[in-house]
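Report on one structure; see the data block that follows.
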Amino acid sequence: MQAVILAAGEGRRLEPLTDVRPKPMLPIANRPLLEHVVEAVADAGIEELVLVVGYKRERIQDYFGDGHDWGVDIEYAVQSKQLGGAHALLQAEPLVDGEFVVLNGDRIIESRMVSQLVEAVGGDDDVLMTVTPVDEPSNYGVVELDGQRVVGLTEKPPARAVTSNIINAGVYAFGAEIFEAIRATETTGELAIPAVLQPLVADRRVRAVPFHGMWLDVSYLWDLLSVNAAVLDQQGSAVARSARVHDRATVTGTVAIGADTRIRPGATVLQGTALGENVNVGANAVVANAVVLPDATIEPGCVVRDCIVGENARIGPNTTVEGGRADVVIDETFYADVRLGGVFGDNAALGGAVTAEPGTVVGTGATVESGSVLAGHVGAGAEVRRG
């Protein structure tokens, strides 16, 4: 059995973090999203992986190489233009033989989900689809079942039209026939796997494999915080040996602290926080429910809550990101009452005593003058002056 992991996408809804890295390389508990997926597949006993890469693919290929460090053999297929998941899968056709598993490289799953799917392979079914219950099914592909048969698959229906809390988990078992089905599907834009499956669903040729367990999706900036916290809760705290936590600093709850990170006297690091490698948390700073990427600096006296701090970003002294709920606009779509204190892109630099209102997003390389009050979006490379 082989596994094809789709990791070619850009992840525009996660800008500015995806300006410089593909979505599957965003960190969860100080490791790339995609690494969690590779490990789940490896733990399920699958040793041959095909990664379909595209946007900034070098970041993925340099990190995973041939898969030796994970006990698997990795080959790469390239999707030169991001034209949807089904088109990405088509690029893997020369590298697979027989039946194989397909899954996304940007969702946290348990190895048990993959194992159950592999165990279910066999019989006359054209497709096996893992399905799982969720609290907000209208955000996903809602599945209607007749016994084990998938008889309906509706992508992101209006909440008022939802009749099931069972969704397509995006983990499949296919045979070679899927490639002909992809080629036979007409489209004028991106081609998604669920669109390819619609004729098979209509013919009752898709069998559901139910799964009840961890399935975590990262679609938006605030998901990065909640998924990071959930994974930390599951795996427990991890503090690198070379990290230095001062005797008069406080670290509580489940956290991850990377190599060579420094937490200075009087600083407090609270539940749900992941500090990447070589991060500096200044004296008397407070960091809570945050994802801080490598080489970032949080100066003395800062309060940083519900926050994502990009690589090599600097949060100036006595800056306050108070955290909490906010209304946020992403890609011209309004999202109400999400938990997001702020996002600061890679190489962003904030001066001292800046105040960021909940929902603030500061672009890559932007600079903010001391004493400024931030709200909404600040573009990449912008200069914000107090006035």
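The values are calculated or read from the model by the stated rules, or taken from the named source; none is laboratory data. These numbers come from a predicted model, not from an experiment. Using ideal geometry, Cβ is built from the backbone for each residue, glycine included, and neighbour counts are taken over all protein chains shown.
Remarks
- Checking every residue in the stretch 298-310 against the condition of being at pLDDT 95 or above, among the aliphatic types (A, V, I, L, M) and over 18 Å from LEU17 (Cβ atoms) gives at least one match.
- Looking across VAL150, VAL231, one residue alone is surrounded by 15 or more Cβ atoms within 10 Å (Cβ to Cβ), of a type outside the set (Ser, Thr, Tyr), outside any strand (DSSP E or B) and at negative phi. It is VAL231.
- With respect to the conditions (1) touching a helix residue (DSSP H, G or I) at 6+ places or on another chain (Cβ under 6 Å); (2) part of a helix (DSSP H, G or I); (3) surrounded by fewer than 23 Cβ atoms within 10 Å (Cβ to Cβ), ALA86 lacks only one, and its number is (3).
- Candidates in the stretch 1-41 are the residues that are more than 23 Å from GLY258 (Cβ to Cβ) and hydrophobic (A, V, I, L, M, F, W, C); of these, the one that is surrounded by the fewest Cβ atoms within 10 Å (Cβ to Cβ) is MET1.
- Residue match in the stretch 115-128 (condition: touching a residue at least 24 places away in the same chain (Cβ under 8 Å), within 15 Å of LEU6 (Cβ to Cβ) and out of contact with any Gly (no Cβ under 8 Å at 6 or more places or on another chain)): no
- ILE74 vs. criteria in contact with a Gly (Cβ under 9 Å, 6 or more places away or on another chain), buried (at least 18 other Cβ atoms within 10 Å of the Cβ), over 30 Å from GLY272 (Cβ atoms) and of a type in the set (Val, Ile, Thr): yes
- Filter pass, TYR140 being closer than 26 Å to ALA44 by Cα, assigned by TED's automatic domain parsing to the domain that holds LEU6 and modelled with pLDDT under 95: yes
- Any hit, the stretch 6-21, residues being closer than 18 Å to VAL114 by Cβ, touching a strand residue (DSSP E or B) at 6+ places or on another chain (Cβ under 8 Å) and in a strand (DSSP E or B): yes
- Hits in the stretch 282-310 (condition: in contact (Cβ under 8 Å) with a residue 24 or more places away in the chain, assigned to a strand (DSSP E or B) and either closer than 21 Å to GLY352 by Cβ or not polar (S, T, N, Q) (or both)): ALA288, ALA290, VAL291, VAL304, ARG305, ASP306, CYS307, ILE308, VAL309
- Candidates VAL121, VAL134, filtered to the one that is over 27 Å from the mean Cα position of the chain (by Cα), at pLDDT below 95 and β-branched (Val, Ile, Thr): VAL121
- Only one of the listed residues (GLY105, GLY11) is closer than 30 Å to ALA366 by Cα, at pLDDT below 95 and in contact with a helix residue (DSSP H, G or I) (Cβ under 6 Å, 6 or more places away or on another chain). That residue is GLY11.
- Pick from the stretch 172-197, criterion surrounded by 14 or more Cβ atoms within 10 Å (Cβ to Cβ) and among the polar types (S, T, N, Q), ranking: modelled with the lowest pLDDT: THR187
Yes/no matrix, rows are residues, columns are (1) more than 18 Å from ARG112 (Cβ to Cβ); (2) among the aliphatic types (A, V, I, L, M); (3) not assigned by TED's automatic domain parsing to the domain that holds SER115:
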{"position": "LYS23", "(1), (2), (3)": "yes, no, no"}
{"position": "PRO32", "(1), (2), (3)": "yes, no, no"}
{"position": "HIS36", "(1), (2), (3)": "no, no, no"}
{"position": "TYR55", "(1), (2), (3)": "yes, no, no"}
{"position": "VAL78", "(1), (2), (3)": "yes, yes, no"}
{"position": "GLY85", "(1), (2), (3)": "yes, no, no"}
